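Throughout, read-outs are computed from the coordinates displayed, never taken from laboratory work. What you see is a predicted model; the values in this text were computed from it and never measured. Neighbour counts are summed over all protein chains in view; Cβ atoms, including those assigned to glycine, are modelled from backbone coordinates with ideal geometry.
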Amino acid sequence: MDMSVKLYCVGCGPGDPELITVKAKKLLESADVIFAPTSREGKESIALSIVKPILESRDKKPVIRELVFPMLKDRGVLKDVWRRNTDEIARECVSGRLTLYLCVGDPSLYSTFSYLHKELRERYPNIEVEIVPGVASFTSFASNAKMNLVEGEQIMAIVPACYDLVRIKDIAKACDTIVFLKDGRYFNDVVNILKEIMSDHSQIAIAQDVAGDKERISITTLREVDTSVADKYFSLMVVKRAR
């Protein structure tokens with residue numbers, strides 16, 4: 001295999017440019033082409049906004065290409081999107097230019113890159129992929145909240161958006177700490193389920209705009225948490241069982 005045919009997938013962390021790894025920074029400073037995901041045409045990529053200070057400090061600016069990944073559930077439509085975006089990335093890789101694909105947080109956690117990586121493995125096996133890890137939003141949040149997520153033999157679960165409330169009940173029974181990612185539409189339902197299963201002294205921490213300039217953190221207990229506001233927005237929520 002030609003080792004020059006390579007793609008770097010770079011985790012950009014949760015939002016604070018100072019949390020970007022040294023390895024990621026070096027790649028950003030030398031990349032020729034950078035691909036960044038966005039949910040719709042004309043909307044700035046969050047990943048790109050995180051690394052902007054590094055890119056703006058460069059003398060020679062890289063080529064920036066934003067790839068649209070629409071927020072849809074139709075797997076057929078999404079499959080076509082993944083294939084088109086993969087083809088565009090592959091064309092740059094085989095040109096020999098240093099090519100990066102950006103991810104918010106860490107590429108291994110609910111990342112758009114997981115779909116592209118599968119396409120690359122199946123259709124472009126000659127392209128070597130190197131994944132550069134990034135700081136995950138919930139570890140950044142836990143640091144700022146001075147919160148220990150798990151210790152000893154405790155078990156932690158990560159629940160993505162669009163919750164399956166039946167599964168949440170099973171997860172709450174089995175786990176000591178649960179990280180909920182986004183989707184405040186289910187906030188009251190989730191809290192009510194947790195109150196049935198966990199002690200009302202269990203800790204609940206809610207974050208908005210994690211690692212951003214406007215980050216807000218609220219820490220309370222299941223007994224005292226305010227559920228009066230429906231559709232509460234949060235970047236993530238962490239619930240830790242009281243022992």
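Among GLU128, GLU196, GLU18, the largest mean-square fluctuation in a Gaussian network model of the chain, built with springs joining Cα atoms closer than 10 Å, belongs to GLU196.
When TYR110, TYR186 are arranged by Cβ crowding within 10 Å, least crowded first, meaning fewest neighbours, the order is TYR110, TYR186. Between the helical axis of 165-174 and the longest alpha-carbon principal axis of the chain there is an angle of about 70 degrees.
Within the shell defined by Cβ-Cβ distances under 12 Å, the residues around ARG83 carry a net charge of -1, with Lys and Arg each +1 and Asp and Glu each -1. For the chain, the antiparallel share of DSSP beta bridges with both residues in that region comes to about 45%.
If you run the Gaussian network model on the chain, springs between alpha carbon atoms under 10 Å, then out of ASP176, ASP16, ASP59 the most flexible one is ASP59. For the options LEU165, LEU72, LEU149, a Gaussian network treatment of the chain with springs between C-alpha atoms closer than 10 Å singles out LEU72 as fluctuating the most.
Spatially, the range 101-160 and the range 6-50 are offset by 14 Å when compared through their Cα centroids. Assuming R0 = 25 Å, can you tell me the calculated FRET efficiency for the pair VAL150 and TYR110, based on Cβ-Cβ distance, to the nearest 0.05? The calculated FRET efficiency here is 0.80. In the range 1-133, what % of DSSP beta bridges are antiparallel (nearest 5)? Of all bridge pairs located within the range 1-133, approximately 5 percent are antiparallel.
The order of TYR8, TYR115, TYR101, going from fewest to most other C-beta atoms within 10 Å of their C-beta, is TYR115, TYR8, TYR101. Net charge around LYS60, counting only other residues with Cβ within less than 11 Å of its Cβ (Lys, Arg = +1; Asp, Glu = -1)? Result for the local shell: -1. Based on the alpha-carbon gyration tensor of the chain and its eigenvalue square roots a ≥ b ≥ c, which shape applies: rounded if a/c is under 1.5, prolate if not and a/b is larger than b/c, or oblate? It is prolate, given that a/c is not under 1.5 and a/b is the larger ratio.
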